[in-house]
Amino acid sequence: MRLFIDTHDQTKGTFPKGLTPEGFEGFYVGYEQACAEEGVIIIRTHVGYAEGRAFCLNMAPDAEAVRRAHEKAGLPFDSITEVSTASPTDSFFRRPAAE
């Protein structure tokens, strides 16, 4: 399984205008179902309701599975990008040990 972030932006028509937290909850049920059918595991979704933007972090076998899940849920997206973690902890463990 690999990590993917997909993006949604109201200005590009990929985030519903005026979406509220309650509206998102109702929609999310269908998205969860579509992800389960495509072998996609939802890790976290970050939503900026006022800005009309969302960023979804998923684990999936490939980007195509993420695309199919979005298609089944009727959710357009701007991009799907494979990512890896790059926190200070990740970097620390790749550095050579100090002498």
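Some observations on this one:
- When residue 39 is tested against (1) on the phi > 0 side of the Ramachandran plot; (2) modelled with pLDDT under 95; (3) not acidic (Asp, Glu), just one condition goes unmet, and that condition is (2).
- The helices (runs of 4 or more DSSP H) located wholly in region 1-94 that include 2 or more residues which are surrounded by fewer than 15 Cβ atoms within 10 Å (Cβ to Cβ), touching a residue at least 24 places away in the same chain (Cβ under 8 Å) and more than 12 Å from the chain's Cα centre (by Cα) occupy 21-38.
The values are calculated or read from the model by the stated rules, or taken from the named source; none is laboratory data. Since the model is a prediction, treat every value here as computed from it, not as a measurement. Ideal geometry is used to build each Cβ from the backbone, glycine not excepted, and the neighbour counts take in all protein chains shown.
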